1. For Cα pairs less than 8 Å apart in space and 6+ apart in sequence, what is the mean separation divided by the residue count of chain B, i.e. the relative contact order in percent?
2. In Å and from the alpha-carbon atoms only, list the Rg and Dmax of chain B.
3. Given labels modelled 7 Å from the Cα in the Cβ direction, how far is it in nm from A:Thr140 to A:Asn242?
4. If Lys and Arg each add +1 and Asp and Glu each add -1, what is the summed charge of the other residues whose beta carbon sits under 11 Å from the beta carbon of B:Gly217?
5. Taking each label point as 7 Å beyond Cα in the direction of the beta carbon, state the distances from B:Gly296 to the same residue in the other copies, shortest first, in nm.
6. Label the stretch B:401-477 by shape, choosing from rounded, prolate and oblate, from the square roots a ≥ b ≥ c of the eigenvalues of the Cα gyration tensor; if a/c is under 1.5 it is rounded, and otherwise prolate applies when a/b is larger than b/c, oblate when it is not.
7. Let me know the mean shielding of B:441-450 by other chains, meaning the per-residue number of their Cβ atoms within 10 Å of its Cβ.
8. So, by mean Cβ neighbours within 10 angstrom, what's the order for B:45-57, B:202-214 with the highest one leading?
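Since every read-out is calculated from the coordinates, none of them should be taken as a lab result. From a predicted model like this one, the values you see are computed outputs, not experimental measurements. Using ideal geometry, Cβ is built from the backbone for each residue, glycine included, and neighbour counts are taken over all protein chains shown.
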2 protein chains.
Amino acid sequence: MKNKKADFSEWYSEITKEAELCDLRYNVKGFVVFMPWSVISMKKMYSVYERELEATGHQPAWFPALIPESNFHRESKHVEGFTPQVFWVEHAGENALEERLAMRPTSETAIYQMYSLWIQGKADLPVKIYHPSQVWRYETKATRPFIRSREFYWIESHNAFATFPESESQVDEDMRMAENAIFGHFGVPFIFFERPQWDKFPGALSTFAADTMMPDGRVLQLPSTHLLGQNFAKAFDVTFLNEKGEREYCYQTCYGPCISRIYAAVISVHGDDRGLVLPYELAPLQAVVVPILKKGSEKEVEKKAMQLSDSLSKKGIRAKADLSESTPGFKYNQWEMKGVPFRIELGAREAESGELTLVRRDNGKKSKVREGELADFLSSESASMLADMKKKAVEEFESRLSKAISLKELMGELEKGRLVSVPFCSNGMEGKSCAEELKEKCGGDVRGTRHGRKEKAEGNCVVCGKKANALVYVARQY
Amino acid sequence: MKNKKADFSEWYSEITKEAELCDLRYNVKGFVVFMPWSVISMKKMYSVYERELEATGHQPAWFPALIPESNFHRESKHVEGFTPQVFWVEHAGENALEERLAMRPTSETAIYQMYSLWIQGKADLPVKIYHPSQVWRYETKATRPFIRSREFYWIESHNAFATFPESESQVDEDMRMAENAIFGHFGVPFIFFERPQWDKFPGALSTFAADTMMPDGRVLQLPSTHLLGQNFAKAFDVTFLNEKGEREYCYQTCYGPCISRIYAAVISVHGDDRGLVLPYELAPLQAVVVPILKKGSEKEVEKKAMQLSDSLSKKGIRAKADLSESTPGFKYNQWEMKGVPFRIELGAREAESGELTLVRRDNGKKSKVREGELADFLSSESASMLADMKKKAVEEFESRLSKAISLKELMGELEKGRLVSVPFCSNGMEGKSCAEELKEKCGGDVRGTRHGRKEKAEGNCVVCGKKANALVYVARQY
């Protein structure tokens with residue numbers, strides 16, 4: 001494997017290929033085939049996220065993949081933002097369609113016309129719905145598997161409320177779900193930023209987006225949640241009858257965790273120079289038994305290896321005995337590259353004594369475990385493993401945070417691959433020209449102000465020198 | 001509710017609307033919005049089916065939704081069969097695409113080019129992969145929600161083997177999975193037929209398809225599995241190196257359980273004149289507590305209702321207390337219409353004594369159950385419930401089977417809404433013209449010969465009068 005820190009881009013390309021995560025040879029540009037080793041984990045990630053959504057009162061629904069063009073035109077910012085990225089259907093069979101249809105790039109314009117029908121009175125509110133789905137965007141930026149492709153796998157959640165404060169609470173709930181799922185279960189640290197006004201979701205009042213740090217020091221945007229106010233409600237006539245008997249527009253939010261991209265973060269943050277390091281909960285295979293054969297005892301050891309993996313499987317642990325013809329060393333490398341959390345080394349002595357040698361993937365730690373205690377050991381050790389993986393990831397993430405008070409300092413910090421806070425004139429539209437100048441001069445993107453911290457800016461904007469009104473974070477981005 | 005037997009079509013329309021299963025008001029013809037009450041059940045159906053697939057060694061993968069037109073042209077029968085039904089993408093953003101792209105109507109032509117790359121030697125075989133997905137077909141037949149729409153939810157499974165007998169075993173395994181999932185878990189009976197040669201999957205050697213009976217006496221096709229032989233392997237160069245060191249074409253199968261359509265069968269087969277009857281495993285809500293309030297003890301009873309539903313929820317049972325303002329009678333009707341398997345009627349006496357009254361949705365049976373034994377009771381009674389639902393469904397299904405030995409008799413049986421076996425000249429291409437004549441004269445479709453029974457035909461073909469070579473089944477179809 002390549003060196004992850006020194007050459008992350010090469011490492012990433014190699015791991016996605018060698019671990020058979022995806023195949024880039026599909027014959028439509030920007031589309032990839034997601035192979036079993038990644039899909040099994042991403043399906044588990046979907047389950048984790050959907051449990052979070054359901055625990056907070058969301059219900060699943062499935063909306064169509066095709067949206068009439070005229071739907072987009074109902075919200076002027078939204079049509080501007082999305083139609084340049086749309087795959088258009090103009091024919092079906094031999095027939096030209098009367099109106100062209102968009103393959104959904106996101107579903108606000110499909111869903112909110114239904115909300116307009118579904119919501120009548122206060123009793124119909126709140127509406128909290130999620131749709132696990134794919135979306136298609138004709139990206140002009142360079143694509144990278146899982147990180148950015150023209151087809152991606154996500155969940156979109158669309159909520160409607162009677163009051164603005166409820167919609168604000170929803171945005172907080174969306175952020176907590178991200179914390180529970182992405183950090184809690186997958187061990188990936190991030191910060192939620194309130195994006196600058198010039199970089200919000202088209203049609204939203206404000207956008208809150210999570211950024212994680214990739215090993216090359218660039219930020220990767222994870223889920224974002226958007227306060228839509230009444231913009232879309234007005235465009236799609238989403239109203240309810242209030243206590244006074246008047247029609248009132250709903251307050252809406254939408255939220256989009258992109259599972260395929262979060263997977264990119266999981267493999268990039270935890271991986272090392274030997275390959276993938278997968279959280280136990282997500283690993284397609286949680287433990288692999290590698291028999292170490294010596295002449296005379298081959299059959300016995302292989303039989304024991306099978307018994308062990310069978311007994312683990314019966315306990316719901318995803319286990320396998322690798323009885324292929326390669327050497328044990330080759331197998332160790334292979335399964336380490338695939339990120340299997342535990343390896344059980346089984347020689348004649350272990351087969352006989354029932355005292356097994358276990359090796360943890362993340363830190364190489366060896367443990368001796370009695371066969372009867374194996375399942376319990378995996379259960380407790382996997383919890384320690386996740387805690388250790390989180391600790392390491394947080395340390396790495398925090399080491400990437402820094403500060404600057406001038407453009408020159410900022411440039412130096414960005415060169416080191418950091419996420420840098422700087423005093424800035426404004427996170428509102430007034431700051432846009434400074435952000436453009438900043439981008440031009442040091443290649444960094446303004447990610448916005450840190451959510452929930454009320455960090456105060458001191459001094460002057462690093463670009464225009466006016467009194468700073470916002471402490472914004474800057475990084476190079478994916 | 002309408003009468004299911006007397007007016008199934010009306011009943012079906014009413015239940016899909018009243019139980020909020022889908023919304024037909026979406027503004028693209030043939031596309032519907034699938035609402036939470038159906039989606040929650042269909043997601044559970046996906047899980048059941050995917051467990052079957054994984055237990056038989058299948059792994060999940062995700063293939064692109066867009067397929068270049070030229071891929072279809074590699075298999076001549078396939079292009080003929082599918083391209084008239086395709087939604088075509090010709091523009092992306094402002095750009096005209098070099099080659100138009102099909103929204104997948106099925107994925108053979110997307111997947112097998114990848115298999116050609118993935119399969120090299122015998123060690124790579126068998127390949128057993130499934131993809132839970134949506135497909136899009138520009139149907140010209142009348143659409144009905146869940147039964148036939150232009151977007152549907154299915155699983156496609158695509159397997160490749162070194163030998164023909166292995167591919168035959170796969171087709172058997174596919175049929176067993178259908179038996180386990182659709183009859184075993186969902187309680188819907190069906191028969192697998194080998195479809196006539198003129199009605200097989202475009203590009204296959206032979207097609208085996210499950211037919212169930214809808215309440216109006218028409219058959220609905222459930223999963224089909226196809227023996228592809230080497231047809232697609234030749235078209236897409238799917239080969240392996242055999243023991244002699246020669247390149248050999250793989251033998252392939254594909255399988256397509258359509259979850260949204262199986263759901264149509266579940267609600268149609270089990271439903272009654274009061275509404276849905278859902279199998280316990282699939283029900284979004286498994287037990288509803290309805291408080292019966294009398295003055296003076298309202299608070300106490302409502303509190304108890306909440307406690308009960310909370311304690312069931314904690315045990316993993318999907319339960320809810322209905323504390324809305326309607327009368328108990330209204331609530332009974334409402335939840336019966338929604339198909340909730342168990343209703344718990346809770347008055348002041350029950351709240352105090354802890355002896356609860358439970359009512360089963362399928363047969364109205366009342367039971368008295370001690371509060372502490374509630375979860376155990378639900379577990380055992382839900383098993384009896386599924387068994388009773390199956391028994392009833394099988395009796396109904398079997399009452400629909402009949403025989404005829406002349407066109408006149410056949411017509412009479414078809415009028416009664418039956419699935420009728422008749423002596424027929426051939427299930428091969430030679431029988432096609434007789435099938436067309438039969439269709440014209442009595443509106444019945446030849447469904448093929450019963451799989452796995454080796455039923456012998458006696459007498460003469462009901463159409464041409466030649467010696468019968470096949471006992472085929474005929475019915476009116478969806």
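1. Reported relative contact order: 14 percent.
2. 25.3, 88
3. A separation of 4.2 nm, rounded to one decimal place.
4. +2
5. So the distances to the same position in the other copies read 8.8 nm.
6. The shape class here is rounded.
7. 0
8. In descending order of packing, they fall as B:202-214, B:45-57.
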